[in-house]
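Scroll down for the structure; my scribbles are underneath it.
The values are calculated or read from the model by the stated rules, or taken from the named source; none is laboratory data. Note that the structure is a prediction, hence the values are computed from the model and not measured. Glycine gets a Cβ as well: all are built from the backbone with ideal geometry, and neighbour counts include every protein chain shown. With ligands, DNA and RNA removed, areas are computed over all heavy atoms of the protein, side chains included. Shrake-Rupley method; radii C 1.70, N 1.55, O 1.52, S 1.80 Å.
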Amino acid sequence: MQSILQCMDCGQQYPVDQIRYVCDSCGSLLDVCHDFDKARISHALFDARLGTFQTPYHSGVWRYKELVYPAAADEHIVTRPEGNTPLYPSPALAQWAGVKTLYLKHEGENPTGSFKDRGMTGGLTQARVLGVRRVACASTGNTSASLAAYAAFAGIEGIVFFQNKQIALGKLAQAVAYGATCIQVNADFDRNMELVREVADKLGIYVLNSINPFRLEGQKTIMFETLQQLRWQVPDWIVCPGGNLGNSSAFGKGLHELYELGLIDRLPRLAIIQAEGANPLYQSFQTGLNGLRPVHAETIATAIKIGSPVNYAKAVRALRWTDGVVEQVSDQEIMDAKALIDRQGIGCEPASACSLAGVAKLVRRGVIKPAETVVGILTGHVLKDPEATIHYHSGTLPDITAAYPNRLHQAEAALEAISRILETQAEVSDRR
Ligand code: F0G
């Protein structure tokens, strides 16, 4: 067997052809571990696949198949294809944040507009390996949009549990449109996460939240692709938002594997950024990462409105492997950073802007040094949460004063009225 499920704590192993999310012996999280074909794996193997039309290697996940799921059969692989997302050099934002070099890796430019697609290709592929007919998740929105799309694409029934309020409109619309069975449950994300596991257990449905280790195998390729785009030159920092902590956990595993395989010569440091109102990892970091105390979560960045992250233990491992740090940012900082990313023409949803807000804060605190090279991960597309954007620019967000507003003008249908607006606008631009 080339791949096996292995408990991250006690090392107990299980075959991959069974449904299992945690260890039977000790209850800890499982990793998918592969018997890597070291003789075959090299920069050249992955570089040679760049630009190919050949399925599945045209995917930014399956380009690294030997590191993701070596034995997966072509007929099982469900790919759109995802990945191949841009790495934007961002000198203006680097200057604003106070670092020499900043890149933004835009995972919002995946098929359904978030990084979840990289995980979902892994999860739906495993669903096909197992032969399941129904897949489900609880979600703050993006996982459900991605699951709904990938399940439909694979011809499998998708079921999504939404929290009772504050789901960004774009995400809700996607899940409905892609034909998933959508259930709005009268509970927050954390309770929904428990419920989906209970219901799935009882009804034999396969759970595709990030507790599913096959999701993380897909998501770790964000690191592979970033490194490949940097010609395998290691940046000093990787900075990403943290909610359920699946992504940061996957980054830790992916980076660790690249290092162990000799594909990179050192590890970048990982900085996980949480919203102040949903900061259980940050609080744990302040006291030496000695355990998780769940919080009641509130933040405008609804994607990461999570108080009890299921991947806590794996995120701690990722922080230890990479000498990582955790920072928190306010909703005000998140929305202002988002406005700056948007204005570059790049755009992202609120949670993604934690990355830029976090870089600026870590530079101010002297953790990230001005001469260092930083890669910030943007996790979701600007169209995911149009309401947050419009309210920010209209000045109608409670407790937030927009530092970078772009007010919407109203005009009579007359040349003079429109000219007046444009002249005033030109003066404002000149003054900037
Ligand atoms: N950014 C966005 C846009 C997200 O949708 C999420 C998570 C995160 C960051 C945090 O990633 O959970 O791996 O730490 N969204 C999940 C969802 C929880 O249900 O869509 P994480």
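Observations
- Selection from Phe36, Pro70, Val196 lying farthest towards where the dipole of the chain points positive, charges on Cβ: Phe36
- Taking other residues whose beta carbon is less than 9 angstrom from the beta carbon of Ile273, and scoring Lys, Arg as +1 and Asp, Glu as -1, yields 0.
- Just checking the listed ones, Glu372, Glu82, Glu107: in the Gaussian network model of the chain with Cα springs under 10 Å, the one fluctuating most is Glu372.
- Our helix-only sum for the chain, with -39,500 (n - 2.57) per DSSP H run of n ≥ 4 divided by its residues, gives a mean residue ellipticity at 222 nm of -11500 deg cm²/dmol.
- For the chain, the longest principal axis of the C-alpha atoms and the axis of helix 415-431 are separated by about 70°.
- Of the residues Asp188, Asp331, Asp35, the one that moves most in a GNM of the chain with alpha-carbon contacts below 10 Å is Asp35.
- Candidates Ile205, Ala48, Cys348 compared by Cα position along the dipole of the chain: farthest toward the positive end lies Ala48, with charges placed on Cβ.
- Test item: Cα-centred dipole of the chain, Lys/Arg +1 and Asp/Glu -1 on Cβ, debye: 420 debye
- Probe 1.4 Å, all protein chains present, accessible-area order of Lys338, Lys116, Lys369, largest first: Lys369, Lys116, Lys338
- Taking other residues whose beta carbon is less than 12 angstrom from the beta carbon of Cys33, and scoring Lys, Arg as +1 and Asp, Glu as -1, yields -4.
- Within the stretch 295-342, the ratio Rg/Rh, alpha carbon atoms throughout and Rh by Kirkwood, equals 1.04.
- Note on the chain: GNM, Cα springs under 10 Å; of Ile390, Ile222, Ile341, the largest mean-square fluctuation is that of Ile390.
- Rounded to the nearest 20 debye, the dipole magnitude of the stretch 275-432 is 780 debye, with +1 charges on Lys and Arg beta carbons, -1 on Asp and Glu beta carbons, and the Cα centre as origin.
- Of the whole protein surface, Arg197 contributes about 80 Å² of accessible area at a 1.4 Å probe radius.
- All Cα pairs of the stretch 230-316, percent lying beyond 21 Å: 33 percent
- Solvent exposure ordering (accessible area, 1.4 Å, most first) of His106, His43: His43, His106
- Cα-Cα pairs of the stretch 251-375 separated by more than 21 Å (percent): 44 percent
- Think of a 1.4 Å ball rolled over the protein heavy atoms: the chain then has 41 Å² of accessible area per residue.
- Note that the stretch 78-89 has calculated 3J(HN,Hα) couplings of 9, 9, 8, x, 9, x, 6, 8, x, 10, 8, x Hz, one per residue in order, obtained from phi through the Karplus relation 6.51 cos²θ - 1.76 cosθ + 1.60 (θ = phi - 60°); glycine and proline are x.
- Cα pair distances in the stretch 82-193, grouped into 10 Å bins until the bin that holds the longest one, percent each: 15, 38, 27, 15, 6, 0
- Each Lys and Arg Cβ is given +1 and each Asp and Glu Cβ -1; about its Cα centre, the stretch 1-79 then shows a dipole of about 260 debye.
- Net charge in the neighbourhood of Arg118 (other residues with Cβ under 15 Å of its Cβ; Lys, Arg +1, Asp, Glu -1) is +2.
- At the residue level, Ser249 shows approximately 0 square angstrom of accessible surface with a 1.4 angstrom probe and all protein chains present.
- Of Gly395, Gln174, Gly380, farthest towards positive along the dipole that unit charges on Lys, Arg, Asp, Glu beta carbons give the chain: Gly380
- Apportionment of accessible area to carbon and sulfur, the chain, percent (1.4 Å): 50 percent
- Cα centroids of the stretch 112-150 and the stretch 219-259: 20 Å apart.
- Distance histogram in 20 Å bins (all Cα pairs of the chain, percent per bin): 27, 58, 14, 1
- Using alpha carbons only: equivalent-ellipsoid semi-axes of the stretch 135-240, gyration tensor based, whole Å: 28, 15, 15
- Arg365 - accessible surface, heavy atoms, 1.4 Å probe, Å² rounded to 10: 140 Å²
- Among the listed pairs Lys65/Lys305; Lys38/Lys253; Lys116/Lys338, those beyond 28 Å (Cα-Cα): Lys65/Lys305
- On Cα atoms only, tilt of 189-203 relative to the major axis of the chain in degrees: 30 degrees
- Rh (Kirkwood; distinct C-alpha pairs) - the stretch 1-85, Å: 14.4 Å
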